[in-house]
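To keep things clear, I will list the structure first and then write my remarks on it.
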Amino acid sequence: MNSAVALVDFDRLLNGLDHIYSEFSRACGLSDCAYWMLVDTSTAGGSIAVSCLQKDICSQSFCSKQTINSAIKTLTARDFATLEFAEGSRKNKVVRLTEAGMRFAERYALPALKAEQRAFGALEPCEQREIMRLIGKFSHALGDECDAFKQHIAAESQAENQGEGESCDS
């Protein structure tokens, strides 16, 4: 199999998975970020520090802090959560699910999470380990390539900026 064709097929598989996860959140009537925030908060016992949400959701689902803040506003507007200062703090905030938010999570978000667990459980243990190993290896290699790409772009940009001040008349 041609490696370019295999990569196109791999990209389709990843896009298909992204689409399936988006279908879970859409079925719940939430954005992807709000859905994962609801899942994370409910599985953490109903409350979670905003700083943890931002760190975890940013690293896991690659949402920006602005998207996370928008998702918090969505959950609070729908009376699924409150945003409060952490006990003894005037800086750190906590998202707490309301009773309505807990009921919504139990009815929609947590069953979707269980569906994901059942799907993963349909794989043999050796297949689970292998898919984790291979995706982890690919993710690490792609991350290294992305870092190298960003360094290359930054170096090109710096070289272009240095050349802008020069003229042919000097």
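What pairs come up if the first residue lies in the stretch 1-27 and is farther than 19 Å from LEU142 by Cα, the second is outside any helix (DSSP H, G or I) and hydroxyl-bearing (Ser, Thr, Tyr), and their beta carbons are under 7 Å apart, counting only those six or more places apart or on different chains?
SER25/SER31
Contact list please: Cβ distance under 6 Å, first residue in the stretch 76-102 and more than 21 Å from CYS33 (Cβ to Cβ), second residue open to solvent by 30 Å² or more (accessible area, probe 1.4 Å), pairs at least six apart or on different chains.
So the pair list comes out as PHE85/LYS93; ALA86/ASN92.
Within the stretch 1-30, restricting attention to residues that are assigned to a loop (DSSP other than H, G, I, E, B) and aliphatic (A, V, I, L, M), which residue is modelled with the lowest pLDDT?
Looking at the filtered set, the residue picked out is MET1.
Would you mind stating whether ILE153 is more than 29 Å from ALA49 (Cα to Cα) and under 22 Å from the mean Cα position of the chain (by Cα)?
Answer is no for this residue.
How many residues, within the stretch 119-150, are modelled with pLDDT of 95 or more and polar (S, T, N, Q)?
Matching residues across the stretch 119-150 total 1.
Taking THR76 and the conditions (1) modelled with pLDDT of 95 or more; (2) under 18 Å from the mean Cα position of the chain (by Cα), which numbered condition does it fall short on, given that it satisfies the others?
Condition not satisfied by THR76: (2).
Of the residues in the stretch 147-167, how many are open to solvent by 90 Å² or more (accessible area, probe 1.4 Å) and in a helix (DSSP H, G or I)?
Here the count works out to 8.
The values are calculated or read from the model by the stated rules, or taken from the named source; none is laboratory data. These figures come from a predicted structure and were not determined experimentally. Note that we place each Cβ from the backbone using ideal geometry, even for glycine, and neighbour counts take in every protein chain shown. Protein only, heavy atoms only, side chains kept; ligands, DNA and RNA dropped before computing areas. Shrake-Rupley method; radii C 1.70, N 1.55, O 1.52, S 1.80 Å.
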